[in-house]
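Chemist: This is the structure I want to talk about, given as structure tokens.
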Amino acid sequence: MSAERGHSTRRTMSVAAPAGVVYGMLADAVRWPLFLTSHLHVERIDFDGTVEQLRVWDLVDDRVRSSHVRRTLDPPARTIDFEQRSGDRANAPVTGRWSVESDGDTRSALTLSRDGDDAPDVVPALLDQVREMAERWERLDELLVGFEDSVHVEGPSELVYDFLYRMEDWVELIPHVEWTLVREDQPGVQLAAMDTCAEDTGETVTVESVRLCFPHAGRIVYKETLTPDPIASHSGEWALLPDESGVRVVSTHQVMLREDAVGPAPDGRTAGADARHHVRTWLGRASTEALGLAKWHAESAVRRLR
């Protein structure tokens, strides 16, 4: 059912998942980039147990938008009230509410209302994506893969960051990278495409991503907007953690596999473990190679200066 008037939109959708599961996904906003197509990155700035402050980056009409979101969570009532202000202070805030009502043990009614919104099509799209994820709740442990790799560099973090930031040069520096294209229309926001060679098959794999670069914090976070099989969504981060002898460089990956990647294998086994192992090995090998070359780049420069 729906009711729309002016810039106000309210819609309810039935979800084949328990109300507690649906609300839990809505409350865990930091993981939204894995679940929601338009969301690139979410950072929690503050949370007192009820009121939460978030910084959200999303993709709207092929443009990266940053906004501040204030949310009030009420778990007993299963409601989340929010106010979203874009980086352009001239725009009025969007306010609204998520609410979840139980419809028996295995179903729920999910409602999203938004006021002051110039894009009413956002509501059904968000509801569809939340419903799709919530209805997979019993399989999420199979579908989700998270891991990190790291290396210690005896050199300045600026040189390491420079290597990771200059993705357009990777084709000359990293063996498995065959081609790159990087645009930076907004400072610190890179729209990137890359062809890499899969070591196990020799095939060329194409990925596209949005990279958010924070040089003063020593971080680059990214989300792939075009993913190869068997990956449904993939986000990650390069983080530089200085210490007394140099800097620890950490590569973090959060991956959700495609449904068909974890189905029954021909021999009757569950293919999920094989798919998770394949993705862990494949992505881990690529990031470890990049980390090793970033280390060599920084430490070689230090030796030349001595």
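Chemist: Would you pick out the residues in the range 63-95 that are farther than 14 Å from Gln53 by Cβ, touching a residue at least 12 places away in the same chain (Cβ under 8 Å) and more than 23 Å from the chain's Cα centre (by Cα)?
Modeler: Scanning the range 63-95 gives Asp74, Pro75, Ala77, Arg78, Thr79, Ala92, Thr95.
Yes or no, residue by residue, for (1) within 30 Å of Val21 (Cα to Cα); (2) not in a strand (DSSP E or B):
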residue: Gly104; (1), (2): yes, yes
residue: Ala109; (1), (2): yes, no
residue: Glu138; (1), (2): yes, yes
residue: Gly155; (1), (2): no, yes
residue: Leu181; (1), (2): no, no
residue: Gln190; (1), (2): no, no
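Chemist: Something else about it: Quick one: in the range 90-107, which of the residues that are over 17 Å from Asp58 (Cα atoms) and at pLDDT below 85 is surrounded by the fewest Cβ atoms within 10 Å (Cβ to Cβ)?
Modeler: Ala90
Chemist: Next up: When the range 169-179 is examined, which residues are found to be touching a residue at least 24 places away in the same chain (Cβ under 8 Å) and either assigned to a helix (DSSP H, G or I) or surrounded by fewer than 15 Cβ atoms within 10 Å (Cβ to Cβ) (or both)? Steps first, please.
Modeler: So the first thing to find is which residues in the range 169-179 are touching a residue at least 24 places away in the same chain (Cβ under 8 Å), and the list is 170, 173-176, 178.
If the condition is that a residue be touching a residue at least 24 places away in the same chain (Cβ under 8 Å) and either assigned to a helix (DSSP H, G or I) or surrounded by fewer than 15 Cβ atoms within 10 Å (Cβ to Cβ) (or both), then Trp170, Leu173, Pro175 are the ones that fit.
Chemist: Taking the condition of being touching a Lys or Arg at 6+ places or on another chain (Cβ under 8 Å) and modelled with pLDDT under 95, how many residues in the range 121-131 meet it?
Modeler: Here is the first cut: in the range 121-131, the ones touching a Lys or Arg at 6+ places or on another chain (Cβ under 8 Å) are 122-124, 127.
Next, only the ones that are modelled with pLDDT under 95 stay: 122-124.
Result for the range 121-131: 3.
Chemist: Also: Failed condition for Ile220, given (1) in a strand (DSSP E or B); (2) touching a His at 6+ places or on another chain (Cβ under 8 Å), with all others met?
Modeler: For Ile220, the exception is condition (2).
Chemist: Sticking with this structure for a sec: Any chance the range 19-40 includes a residue that's part of a strand (DSSP E or B), among the hydrophobic types (A, V, I, L, M, F, W, C) and touching a residue at least 60 places away in the same chain (Cβ under 8 Å)?
Modeler: Here is the first cut: in the range 19-40, the ones part of a strand (DSSP E or B) are 39-40.
Still in the list and also among the hydrophobic types (A, V, I, L, M, F, W, C): 40.
Keeping just the survivors that are touching a residue at least 60 places away in the same chain (Cβ under 8 Å) gives 40.
Yes - at least one qualifying residue is present in the range 19-40.
The values are calculated or read from the model by the stated rules, or taken from the named source; none is laboratory data. Keep in mind that this is a model prediction, so the values were computed, not measured. All Cβ positions, glycine included, derive from the backbone under ideal geometry; neighbour counts span all protein chains shown.
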